[in-house]
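Here is the structure we will look at.
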Amino acid sequence: MKALLMRYWPYWSGPVRDAGFAGLMALILFGPVVGVVLKGYDFELHPSRVALLVGIVILGRLLLSLALQTARGKVWLQRFELGRDQGVQVVPAHQKSLWRWVLPLIILAALILPFYANKYLLTVVILGLIYVLLGLGLNIVVGLAGLLDLGYVAFYAIGAYGLALGYEHLGLGFWTMLPLAAVLAAVAGAILGFPVLRMHGDYLAIVTLGFGEIIRLVLNNWLSFTGGPNGLSAPSPTLLGLEFGRRAKDGGTPFHEFFGLTYDPNYKFIFIYLVLLLVVLLVLYVKQRLVRMPIGRAWEALREDEIACRSMGLNHVLVKLSAFMLGASTAGLAGVFFATYQGFVNPTSFTFFESALILAIVVLGGMGSTLGVVIAAFVLTVAPELLRSFADYRVLLFGVLMVLMMIWRPRGLIRVSRRGVVPPVAQGAA
Amino acid sequence: MTQDSILQVKGLGMQFGGIRALHQVSFEVSRHSITALIGPNGAGKTTVFNCLTGFYRATQGQIKLQTRQQTTDVVQILGEPFQWGDFIRPRQFGSRLFYKLFGGVHRVNQAGLARTFQNIRLFREMSVVENLLVAQHRQLNRNLLAGVFNTPAFRHSEREALERAFYWLEQVDLLASANRLAGELSYGQQRRLEIARAMCTQPELLCLDEPAAGLNPAETEALSQMIQTLRRQHALSILLIEHDMGLVMNTSDHIIVLDQGQVIAEGTPEVIRNHPDVITAYLGTEEDFL
Ligand SMILES: Nc1ncnc2c1ncn2[C@@H]1O[C@H](COP(=O)(O)OP(=O)(O)O)[C@@H](O)[C@H]1O
Ligand SMILES: [Mg+2]
């Protein structure tokens, strides 16, 4: 037996070392957490519980290391390694994309959905779409232009509070505030960005982080203007002046009476959903155009090499600023939808966790990839709704997902592809 | 100052903390010439380039570009600090403020000076053609609405850009690699792409920082031909940093020798070849040099 062990020692030594190390880590981690239990003002030691957990970790790690040494294990490991190299690819210019068939089908399904969905599903999907919008906006800033914005939620808050405050103080409705909020958020982005964007990259992350917190604190503490922690109510959208409530304010005709329908509170959400869907499709289209335009190429070039960009005659501050402003205005749009969908706004919706969530959407989806962002937005917002019973572990699951992604697909879900071009001469002949 | 010099550098000095990288460097580059800047490693050649192109703010001296029918003061367009006198002269104050806000390296390029880098700086995760399109940014239709709605004017502008990009790809013999990622190219191809990219900004003065570094003899020979063709066909002036003495002696009209941050000799290849100071500066690499 001993001879056998010694003979195969080269195969054992690695796994045994791994297992020993993992056991040590487990001991340090579980020792105080599981082994020491408070009892009144005193505490009890539970060494057997620690021993059990550490034993499980050691055994598990040993088996894992041994399994990975087998031929099948090695193949499996290689699959992980391969994922690492999947960077950017160039697709041939004339390759027909499957999207030409899939996209119309998806849009059709999305248009039909609200008429068959119940209210709960509808609200979940609206939330998902709002995060798609946020993800697309931040994707321009982080994914395309390579600017790390940790306070993105501030622009979202500006949009949402813009609607609520505009209604409260100026009597402006949903449709006026929708474009106005985008402009407001963009202006805020410009004021914040112009001084910061000329500095080196890391400063931007710190300043935006601070900006996000400042906005939240102002909203929380300026009681007379923003209503403080209690928040403000936000108006519902109207269809050509027709309201969706049971009774219209100021004696108008509500939507259902005008069309002779019975009142259904769902109408409001169906309407919000349809408008939101339209805006998302519009933003998707604009994003698709932007990457084929000089400005979009300049963003990506700036992300690749700022020094080369500047030596090419591009004003890096203005190029970054345009990305920052466009991203901000998209968040402003999302904010207006969020406010009108909730019916009220308060500062708890605009914490740093929101910023981190949106950033996670962009990173998981794949920097710069549109499809990836759309999928990630739905996964990260809809999944927690479906897994209600796991609500306590949401952040834990989130962390596990992030770690797995970084191992398996460090560049994000969807591989970024660039479109090839046909030489112009050949184009002319065709 | 001769009438036909495209670049005049006077008394250029550059100090990095305690290190004096350049001291009283003065030279001129005449129009349509190939001028070489040579010197041992660490002599300050790249630093001269960085001052010319605006990446370093020269601590002393003047740099004047005579391009696009006007004189550009490189130090001024980088944005100088305010002086007391500015506060009583609104015009001067306005110009300083403007260049402080919107000045910078990009203006040097817009004035007609393009450069390549000693350690290649391509947009590695973009395709070769896209690299060339980015360089044409200033010449394109940048109207956001035109782009989003894909108007005929926009399509025309993009098409022209593509044509120019493919023209330059042909010039540097990279047509076959048009749709590859720039980062995937071989070293020699990357060097050529960088030159093409610099040319896409339509410069009048092209500054090449060690373009032959890492190339094999055949590639170096091709590069030498290319540099001469560029000068001949595109009314270009070229300033060249190079260690390959064969290339320098064959192509350049004028050579400036830099050692320890100072110009120690200047003249035609013939003069430089026999200059005693130059031979001393290059002591140890003598055989290589001659
Ligand atoms: N950014 C910098 N900071 C400090 N010292 C620098 C910097 N750039 C260049 N130098 C110094 O200037 C001198 C010249 O460097 P360089 O211009 O790169 O030489 P060359 O290109 O001729 O080989 C070197 O001694 C280098 O240490
Ligand atoms: Mg150098």
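The values are calculated or read from the model by the stated rules, or taken from the named source; none is laboratory data. What you are looking at is a predicted structure, and each value in this text was computed from that prediction instead of being measured. Cβ atoms come from the backbone with ideal geometry, glycine included; neighbour counts cover every protein chain shown. Just so you know, the surface numbers come from the protein's heavy atoms only, side chains and all, with ligands and any DNA or RNA stripped out. Shrake-Rupley method; radii C 1.70, N 1.55, O 1.52, S 1.80 Å.
Filtered by the rule that a residue be surrounded by 15 or more Cβ atoms within 10 Å (Cβ to Cβ) and within 16 Å of ligand 2 (Cβ to nearest atom), segment B:13-35 gives B:14, B:21, B:22, B:25. Hey, could you check segment B:50-59 for residues that are more than 13 Å from chain A (Cβ to nearest Cβ) and not in a helix (DSSP H, G or I) and say which is surrounded by the most Cβ atoms within 10 Å (Cβ to Cβ)? By that ranking, first place goes to B:58. For segment A:301-321, a residue qualifies if it is buried (at least 24 other Cβ atoms within 10 Å of the Cβ) and not hydrophobic (A, V, I, L, M, F, W, C), and the qualifying residues are A:311, A:313, A:320.
Yes or no: residue B:65 open to solvent by less than 50 Å² (accessible area, probe 1.4 Å) and either away from ligand 1 (no atom under 13 Å from the Cβ) or of a type outside the set (D, E, K, R) (or both)? Criteria met by residue B:65. Set side by side, the residues A:420, A:365 differ, and just one is within 14 Å of another protein chain (Cβ to nearest Cβ) and among the small types (Gly, Ala, Ser), which is A:420. The residue of segment B:102-114 that is nearest to the other protein chains (Cβ to nearest Cβ), among those that are part of a loop (DSSP other than H, G, I, E, B) and out of contact with any strand residue (DSSP E or B) (no Cβ under 9 Å at 6 or more places or on another chain), is B:104. Taken as a whole, the condition of being away from chain B (no Cβ under 14 Å) and not hydrophobic (A, V, I, L, M, F, W, C) applies to residue A:343. Residues that are out of contact with any helix residue (DSSP H, G or I) (no Cβ under 9 Å at 6 or more places or on another chain) and at pLDDT 90 or above were ranked within segment B:95-142; the one that is nearest to residue B:185 (Cα to Cα) is B:119. Give the residues of segment B:151-167 that are more than 7 Å from chain A (Cβ to nearest Cβ) and either open to solvent by 20 Å² or more (accessible area, probe 1.4 Å) or modelled with pLDDT under 90 (or both), sorted by residue number. Those that are more than 7 Å from chain A (Cβ to nearest Cβ) and either open to solvent by 20 Å² or more (accessible area, probe 1.4 Å) or modelled with pLDDT under 90 (or both): B:151, B:152, B:153, B:155, B:156, B:158, B:160, B:164, B:167. Residue check: residue B:43 meets all listed conditions (1) in the same structural domain as residue B:262 (by the TED database); (2) over 25 Å from residue B:244 (Cα atoms) but one, namely (2). Can you name every residue in segment B:210-239 that is crowded, with 23+ Cβ neighbours inside 10 Å and within 16 Å of ligand 1 (Cβ to nearest atom)? If the condition is that a residue be crowded, with 23+ Cβ neighbours inside 10 Å and within 16 Å of ligand 1 (Cβ to nearest atom), then B:211, B:212, B:239 are the ones that fit.
Checking A:144, A:129 one by one, the residue that is under 22 Å from the mean Cα position of the chain (by Cα), closer than 16 Å to residue A:280 by Cβ and open to solvent by less than 20 Å² (accessible area, probe 1.4 Å) is A:129 and no other. Only one of the numbered conditions (1) more than 12 Å from chain A (Cβ to nearest Cβ); (2) touching a strand residue (DSSP E or B) at 6+ places or on another chain (Cβ under 9 Å); (3) aromatic (Phe, Trp, Tyr) is violated by residue B:117, and that is (1).
For residue B:8, the conditions (1) surrounded by fewer than 18 Cβ atoms within 10 Å (Cβ to Cβ); (2) within 16 Å of ligand 1 (Cβ to nearest atom); (3) within 17 Å of the chain's Cα centre (by Cα) all hold with the exception of (2). Among the residues of segment B:36-49, is any touching a strand residue (DSSP E or B) at 6+ places or on another chain (Cβ under 8 Å), within 14 Å of chain A (Cβ to nearest Cβ), part of a helix (DSSP H, G or I) and open to solvent by 20 Å² or more (accessible area, probe 1.4 Å)? Yes - at least one qualifying residue is present in segment B:36-49. Scanning segment B:44-62 for residues that are basic (Lys, Arg) and near ligand 2 (Cβ under 9 Å from one of its atoms) turns up just one, B:45. Considering (1) surrounded by 10 or more Cβ atoms within 10 Å (Cβ to Cβ); (2) over 27 Å from residue A:67 (Cβ atoms); (3) over 43 Å from the mean Cα position of the chain (by Cα), the lone condition that residue A:41 does not fulfil carries the number (1).
Considering segment A:325-430, the qualifying helices (runs of 4 or more DSSP H), each wholly inside and each with 3 or more residues that are touching a helix residue (DSSP H, G or I) at 6+ places or on another chain (Cβ under 6 Å) and buried (at least 21 other Cβ atoms within 10 Å of the Cβ), run over A:352-365, A:370-386. Of the helices (runs of 4 or more DSSP H) that lie entirely inside segment A:254-317, those containing 1 or more residues that are within 7 Å of another protein chain (Cβ to nearest Cβ) span A:266-290, A:294-304, A:306-310.
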